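What follows is a set of notes on a single structure, which appears directly below.
The values are calculated or read from the model by the stated rules, or taken from the named source; none is laboratory data. Quantities reported herein were computed from a predicted structural model and do not represent experimental measurements. When we count neighbours, we look across all protein chains shown, and the Cβ atoms used for this are built from the backbone with ideal geometry, even at glycine.
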Amino acid sequence: MVTGKERGIAASMSYEAKARGVTRGMRLADIRKRCPDAVILPSDYETYSLLSTRFFAIVRRYTPDNGTFVFELATEEHTPSYSIQKVKTFTPPSQDKAFVWAQLATNVENACIKARKYKLAAQRVVIFLRTQHFRDVGHEVDLSGPTHFPNDILRAVMPIFEDLFDPSAPYRATGVILLKLSEASYGQVDLFGEAIRMQRLSNLYESVDTLREKYGKHAVFLGASFLAHTHAQHDGERGQVPERQRQLLPDETARKRLGIPMFMGEVR
C-alpha cells in the first residue's frame with residue numbers, strides 16, 4: 001500500500017512496498033512498474049492529525065509528570081520567519097493565462113494569510129511559474145512598503161506575470177515567496193493618506209480572517225483567484241480525495257467537517 005496519489009509521488013508506504021524497493025518521493029508510474037498490484041491511495045492528512053492528537057492524549061494520560069523526555073521539548077516562543085513560501089502544482093498543465101494567474105493569486109492569498117497570522121509584513125516578493133518540463137521562470141520585485149495584503153502584492157506583480165507568461169508553454173505550478181519580513185505596523189500618519197488606507201485594509205482583513213476561521217480557509221477569497229477555486233486542483237486520478245472527504249455527515253461541507261476520524265474500510 002502506498003499513499004501520495006494526490007501528489008503523484010509516494011508519501012508513505014507499507015513494509016511490503018518497501019521490501020519491493022518503493023521509496024518516499026518515487027513517482028507513481030515507477031511504483032506501478034515495481035509493484036503492479038500496489039494499492040495507491042490519496043493521503044488523508046485530516047484523519048492523520050485527528051488520530052495523532054488522540055494518540056498523544058492517551059500517552060500523556062499514562063505518563064507521570066516527572067517522566068523523562070527522549071528529546072528535549074522546545075518551549076521557546078515562535079521565531080519569526082525569514083521568508084514565507086507557497087507553491088501549488090495543478091494537473092493537467094495549462095496554457096490558460098487567466099487560470100495560471102488565478103493559481104498564482106491563490107498562492108499569494110495563502111502566503112498573506114500566514115503573514116497576518118504572525119503579524120508580519122513583506123517588503124519584497126518573488127513570483128515564479130513552472131512549466132510542464134520543470135523549467136522555472138521568475139522575478140523579484142520590491143514593494144512600495146511593507147504589506148501582508150494580497151491586493152497590494154497582486155497589483156505589484158501583475159506586470160511581472162505579464163512578462164513571464166508564455167502562451168506557448170504549458171504550466172504545471174506557480175509559486176510566491178515573501179521576503180524582507182518585518183513586524184506589521186500601520187499607525188504612522190503620512191501626507192498622502194497611505195496609513196489610513198492600510199488601516200482600513202487591516203480592519204477589512206481582520207473580518208475576513210474571522211470568517212475564514214469560522215467557515216473555512218477559502219470561505220472568502222479574491223476575484224483574482226476565482227478560477228482556481230471553481231476548478232479541481234488536479235484532474236484524473238490525482239484529483240481523487242480521501243474517502244472521509246467524500247463520505248460527509250449531515251450538514252458537513254467539503255471545507256467544514258467534524259473532527260471525527262472514521263474508518264471507511266472493510267473488516268474481514
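Table for the structure above
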| item | result |
| --- | --- |
| Number of positions in region 150-175 that are over 11 Å from V100 (Cα atoms) and among the small types (G, A, S) | 3 |
| Residue list for region 119-150, filter: within 20 Å of S185 (Cα to Cα), surrounded by 15 or more Cβ atoms within 10 Å (Cβ to Cβ) and not basic (K, R) | L120, A121, A122, Q123, V125, L143, P146, T147, H148, F149, P150 |
| Residue that is surrounded by the fewest Cβ atoms within 10 Å (Cβ to Cβ) [pool: residues in region 173-191 that are at pLDDT 90 or above and touching a Lys or Arg at 6+ places or on another chain (Cβ under 7 Å)] | K180 |
| Looking only at region 35-72, and only at residues there that are aliphatic (A, V, I, L, M) and farther than 16 Å from P242 by Cβ, the one that is modelled with the lowest pLDDT | V70 |
| Enumeration of residues in region 1-55 that are on the phi > 0 side of the Ramachandran plot and under 21 Å from the mean Cα position of the chain (by Cα) | G4, G8, G25 |
| Exclusive hit being over 17 Å from L227 (Cβ atoms) and touching a Leu at 6+ places or on another chain (Cβ under 6 Å), set A121, A156, A169 | A156 |
| Residues located in region 1-50, provided they are among the small types (G, A, S) and in contact (Cβ under 8 Å) with a residue 60 or more places away in the chain | G8, S43 |
| Hits in region 136-156 - residues which are within 21 Å of the chain's Cα centre (by Cα) and within 24 Å of I196 (Cβ to Cβ) | T147, H148, F149, P150, N151, D152, I153, L154 |
| Residue match in region 157-172 (condition: of a type in the set (S, T, N, Q) and surrounded by 15 or more Cβ atoms within 10 Å (Cβ to Cβ)) | no |
| Contacts under 7 angstrom Cβ, first residue in region 192-211 being under 20 Å from L143 (Cβ atoms), partner among the charged types (D, E, K, R) and at pLDDT 85 or above, 6 or more apart | Y205/R116 |
